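> Structure provided below as structure tokens; questions to follow.
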């Protein structure tokens, strides 16, 4: 029993050392990042489509239930949300930060962003 435990501990230590020596994966290329973003968008769209199909199936089952049990005094409850069709898949890739103008304002600064007064000093009153 002790021998098996010692072997297991040794194998776990060797695996940890081997994993620690693995190089870090290279950063994704812009093309790979764009493909990953599109795959995420497509997965989200597929989730919406599946939810829409489930909603339609539930409506059909409920309609059948109320049709067959109408004589038993059961009535459908009002207020159930309507199924919303997600439409066709459309993906527009986001603009890079440089193209979106997020890196700097278009105008040139004409004055410093702060005053020379110390933080705790009161501002002088104008006469």
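All of the numbers you see were taken from the coordinates with simple rules; none came from a lab. Everything numeric here is computed off the predicted structure, so don't read it as measured data. Note: ideal-geometry Cβ built from the backbone for every residue, glycine included; neighbour counts use all protein chains shown.
> Provide the three semi-axes, in whole Å and in decreasing order, of the ellipsoid equivalent to segment 1-64 as defined by the square roots of 5 times the Cα gyration tensor eigenvalues.
48, 27, 4
> Follow-up. Among 39-45, 3-9, what's the highest-first ranking by average C-beta atoms within 10 angstrom per residue?
Details: 39-45: 12.4, 3-9: 9.1.
So the peptides 39-45, 3-9, ranked by packing, come out 39-45, 3-9.
> Per-residue counts of other Cβ atoms within 10 Å, averaged by peptide: what ranking do you get for 50-60, 83-93, highest first? Mind dumping the intermediate values first?
Numbers: 50-60: 12.4, 83-93: 10.4.
Those peptides, ordered most packed to least, come out 50-60, 83-93.
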